[in-house]
Protein chains: 2
Amino acid sequence: MREEATAFVPGHITGFFSAHPDDDPTEAGSRGAGVTLTDGVEVTVEPTDEAASTIVLDGTTLEIDAVETVLETLAVTARVEAESDLPLGAGFGVSGAMALGTALAANRVFERDLSWNELVTIAHGAEVQAGTGLGDVVAQARGGVPIRLEPGGPQVNKLDAIPARARVEYVTFGELSTADVLSGETDRLSAAGKQALSRVVEEPTLLSFMYASRLFAREAELLTEQVARTIGDVTEVDGQASMAMLGETVFAFGTGLSDAGYEPTVCATHPAGAMLK
Amino acid sequence: MREEATAFVPGHITGFFSAHPDDDPTEAGSRGAGVTLTDGVEVTVEPTDEAASTIVLDGTTLEIDAVETVLETLAVTARVEAESDLPLGAGFGVSGAMALGTALAANRVFERDLSWNELVTIAHGAEVQAGTGLGDVVAQARGGVPIRLEPGGPQVNKLDAIPARARVEYVTFGELSTADVLSGETDRLSAAGKQALSRVVEEPTLLSFMYASRLFAREAELLTEQVARTIGDVTEVDGQASMAMLGETVFAFGTGLSDAGYEPTVCATHPAGAMLK
C-alpha cells in the first residue's frame with residue numbers, strides 16, 4: 001500500500017443537458033455539452049486507521065455522498081483531502097471532481113488494479129445515486145469541450161467533443177441545488193436540451209455551443225434575474241456568455257465578462273481529462 | 001480563414017496488438033495497448049496558394065500518404081510543417097501524429113466545423129489506408145496509457161486505459177517497416193496479441209502491460225537480436241522493458257535502460273490526447 005496518491009480533476013461547466021434517468025445509476029445520466037476548466041480540484045487520498053473515512057474540502061470536514069459511495073465501492077477507509085479552485089454548488093462539477101479524483105487516487109493508494117473505465121463508472125454511478133450530477137464525471141474524465149451524445153458511464157455512453165480551446169471567464173452569484181432541479185419536473189428542460197444538442201452536433205463550434213446554451217437556459221426557465229442581467233451585459237459588448245448548469249454562475253469565452261465591466265475569474269478549457277499527479 | 005493553426009500530438013508506442021482488417025478503413029484497425037508520450041509531434045498548417053500541398057518534417061520535404069489523404073478529405077491545399085521529438089519509422093506513431101495533427105489544425109485554419117470524432121475518424125482512416133498504422137491515431141487522440149478493446153475509428157471502437165503515469169525511457173537502433181509486417185502473415189501475431197490483451201484487461205497495471213508486451217514480442221517473432229539483447233540487459237538489473245511495435249526500439253518504465261548502462265531518451269506518459277495549441 002502506498003502512503004498517498006493525488007489526482008487533479010478539471011472543473012466542468014454544463015451549458016445544456018437533457019436528463020436520462022435509469023434504475024441502474026451507471027446507465028443513467030445526461031446528454032448535453034459543456035467545457036472542462038483548468039480550474040479544478042486536487043484530491044489526495046491516504047489510508048487511515050480511523051473507523052470511518054474523512055472528507056475534507058479546503059480545510060473543512062464535510063459529508064459528500066458521492067465520495068463516500070466511491071470509498072465504499074472500493075472497500076477502503078481513507079482520509080480524502082481536496083483543494084478546490086472552484087466553489088461547491090455553483091455549477092462547476094466540484095462534487096463530481098471529488099468523486100472521480102477519489103476513485104483514481106484510492107485505486108492507486110490501495111492498489112485495487114481497476115481500469116480507467118471501471119473507476120469512471122464507479123464515480124459516475126456514485127454521483128448519479130447522490131443526485132448531485134448526471135454528466136460531470138464522464139466529461140471530467142475526458143477533458144476538452146465534451147459533447148455527451150449518449151448518457152451513462154463509459155461502458156454505455158458515447159462522447160464527442162468540440163475540437164477547440166478557449167480562454168474562459170466566470171462570475172458566481174450563488175448556489176443552486178442540482179438535486180432540487182433534477183428531482184423536479186424535467187420534461188421541458190429535456191426537450192430544450194435535445195434541441196440544443198442537435199444544433200451543436202450539426203455545428204460543433206464554441207460559438208454554436210454558446211448560442212445553444214443561452215437558448216436552453218431561457219427555454220428551460222432556469223435563468224435567475226441576476227444571471228439574465230449579466231448575460232445581457234455581455235451581449236451588449238458583443239460578447240458571448242451563458243449560465244452554468246446548475247449554479248448561479250455566468251461563464252463567457254474570451255474577454256466577454258471583463259469587457260462588460262465585471263471582474264471575473266479567468267481560466268481556460270482544460271485539454272486533458274482527470275489525471276493522477 | 002485563419003493564418004495558421006498548430007496541434008501537438010503525443011507519440012505512441014504500441015506494446016502489443018492484433019490486426020483487424022476491414023474493407024472500410026474507418027472500421028479497420030487493431031486491438032492492443034500502448035503508451036502515449038510527452039515526446040511527440042507539433043504540426044502547423046497554413047493555407048497555400050501553390051497548386052499542391054507541401055509536407056515538411058523537421059525541415060525536410062517529404063511525402064506522407066496519410067497526411068495527403070487527410071488534406072484531400074478536408075478538400076484543402078496547405079503547407080504542413082511538423083517538428084518531431086521522435087524518429088519516423090521506429091515505432092513511435094509519427095505518421096499517425098502527422099495525420100491527426102494535420103486534421104485538427106486544418107479543421108481550425110479552414111474552419112471546416114468538424115467534430116473531434118470526425119477528425120479522428122478521418123486521420124485514422126487515412127493512416128489505415130496508407131498501411132502505416134492501425135491503432136496509433138485513436139490512441140494518440142485519447143492520451144494516457146490506452147487499451148484498445150475494439151478496433152476502428154471513434155464511431156465504432158472501444159477504448160479503456162491503465163490509470164497510471166510513468167517515466168518512460170527509450171533507445172532506438174533502427175527502423176522496421178510497419179507496412180511490410182502488416183502486409184505479411186499476421187495470424188500468429190494476432191493470436192499472441194489477443195492473449196496479451198486478455199492479460200491486461202484482467203489486470204490493468206503498467207507491470208502487467210510490460211509482461212504482456214514482452215511475451216507478445218517473443219511469440220510474434222518480431223524481436224531483432226539487438227532488441228532481445230537490450231531487453232535482457234534491462235531484465236538483468238531488475239527492470240522492465242519491451243519492444244516498440246513496430247520499430248527497432250526498446251522502451252522501459254522508470255530507469256530500466258539507464259540502470260542497464262544505456263543512454264536512453266527520457267520522457268513520460270502523456271496525460272492528454274492530441275490538442276490544439
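The values are calculated or read from the model by the stated rules, or taken from the named source; none is laboratory data. Small disclaimer: the values here were computed from a predicted structure and weren't measured. Because the Cβ atoms are built from the backbone with ideal geometry, glycine has one as well, and the counts that use them run over all protein chains shown. Please note that ligands, DNA and RNA were not included when accessible areas were found on the heavy atoms of the full protein model with its side chains. Shrake-Rupley method; radii C 1.70, N 1.55, O 1.52, S 1.80 Å.
Share of the stretch B:1-160's accessible area from carbon and sulfur, percent, 1.4 Å? Answer for the stretch B:1-160: carbon and sulfur cover 41 percent of the accessible area. Interface residues of the stretch B:176-216, defined as those losing at least 40 Å² of solvent-accessible heavy-atom surface relative to the isolated chain (probe radius 1.4 Å), are listed as B:Pro204.
Within the same chain, lysines fewer than 8 places from B:Lys158 are excluded, and of the rest, those with a Cα less than 22 Å from its Cα are A:Lys158, B:Lys194. Rolling a 1.4 Å probe over the protein heavy atoms leaves B:Tyr262 with an accessible area of roughly 50 Å².
Interface burial in the stretch A:134-152 reaches 30 Å² or more for A:Arg142, comparing the full protein assembly with the chain by itself; accessible area from heavy atoms with a 1.4 Å probe. Of the residues A:Phe8, A:Leu100, A:Leu159, the one whose Cα sits farthest toward the positive end of the charge dipole of chain A, with +1 on the Cβ of Lys and Arg and -1 on the Cβ of Asp and Glu, is A:Leu159. Tell me the mean residue ellipticity at 222 nm calculated for chain B from its helices only (DSSP H runs of n ≥ 4, each -39500 (n - 2.57), averaged over every residue, nearest 500). Roughly -11000 deg cm²/dmol at 222 nm, from the helical runs in chain B. Overall, the protein assembly as shown carries a charge dipole of about 300 debye about its Cα centre when +1 sits on the Cβ of Lys and Arg and -1 on the Cβ of Asp and Glu, all other atoms neutral.
Ligands, DNA and RNA left out, the 1.4 Å accessible surface of the stretch B:167-267 is 45% carbon and sulfur atoms.
Summarised in one figure, the compactness ratio Rg/Rh of the stretch A:5-160, Cα atoms and Kirkwood Rh, is 0.94. Overall shape: oblate for the stretch A:51-128, with the ratio a/c of the largest to smallest alpha carbon gyration tensor axis at 1.5 or above and b/c at least equal to a/b.
If R0 is 45 Å, the Cβ-Cβ spacing of A:Gln155 and B:Glu225 corresponds to a FRET efficiency of close to 0.55.
Above 48 Å lies some portion of the pair distances; for the protein assembly as shown, what is it as a whole percent of all C-alpha pairs? Here the tail beyond 48 Å accounts for 10 percent of pairs. Distances between equivalent label points of B:Asp180 across the copies, with each point positioned 7 Å along Cα→Cβ, amount to 7.0 nm, shortest listed first. Computed from label points 7 Å out along Cα-Cβ, the spacing between B:Arg188 and A:Asp22 is 4.4 nm. Simple point charges give the picture: +1 on the Cβ of Lys and Arg, -1 on the Cβ of Asp and Glu, and for chain B a dipole about the Cα centre of about 940 debye. Computed from the Cα positions only, the extents of the stretch B:191-244 along the three principal axes stand at 29, 23, 14 Å, in decreasing order. Panel note: contact residues of the stretch A:83-115 (accessible area lowered by at least 20 Å² against the chain on its own; 1.4 Å probe) correspond to A:Arg108, A:Asp113, A:Ser115.
Mind checking the angle between helix B:94-109 and chain B's longest principal axis? C-alpha axes, 0 to 90 degrees, to the nearest 10. Roughly 30 degrees between the two axes.
Which whole-angstrom value gives the distance between the alpha carbon centres of the stretch A:154-215 and the stretch B:137-167? Computed from Cα coordinates, the inter-centre distance equals 26 Å. Each of A:Ile147, A:Ala272, A:Thr230 was scored by the projection of its Cα onto the charge dipole of the stretch A:131-277, and the greatest displacement toward the positive side belongs to A:Ala272; charges sit on the C-beta of Lys, Arg, Asp and Glu. On C-alpha positions alone, give me the angle between the axis of helix B:116-130 and the longest principal axis of chain B, in degrees, nearest 10. Roughly 70 degrees between the two axes. Take each peptide in A:253-261, B:30-38, A:229-237, count the other Cβ atoms within 10 Å of every residue, and average; sorted highest first, the result is B:30-38, A:253-261, A:229-237.
Multiplying the residue separation of B:Phe173 and B:Ala75 by 0.36 nm and removing their Cα-Cα distance gives an extension gain of 31.5 nm. The overall shape of the stretch A:1-58, judged from the alpha-carbon gyration tensor, is oblate: a/c is not under 1.5, and a/b is no greater than b/c. Under the rule a/c < 1.5 gives rounded, and otherwise a/b versus b/c splits prolate from oblate, where does the stretch A:164-268 land using the Cα gyration tensor? Cα axes put the stretch A:164-268 in the oblate bin. Across chain B, Cα-Cα pairs farther apart than 35 Å form 12% of the total.
In nanometres and ascending order, the distances from the B:Gly232 label point to those of the other copies are 8.0 (point 7 Å from Cα along Cα→Cβ). For the stretch A:262-277, putting each phi into the Karplus relation 6.51 cos²θ - 1.76 cosθ + 1.60 with θ = phi - 60° gives couplings of 7, 10, x, 7, 10, 9, 8, 5, 9, x, 10, x, 3, 8, 5, 8 Hz, in residue order, rounded to whole numbers and with x for Gly and Pro. Chain B residue nearest the rotation axis toward A, with distance: B:Ala272, 2 (Cβ to axis, whole Å).
Per residue, the accessible area of the protein assembly as shown comes to 38 Å² when a 1.4 Å probe rolls over the protein heavy atoms. Pairing chains A and B buries close to 2100 square angstrom of accessible surface in total, based on protein heavy atoms and a 1.4 angstrom probe.
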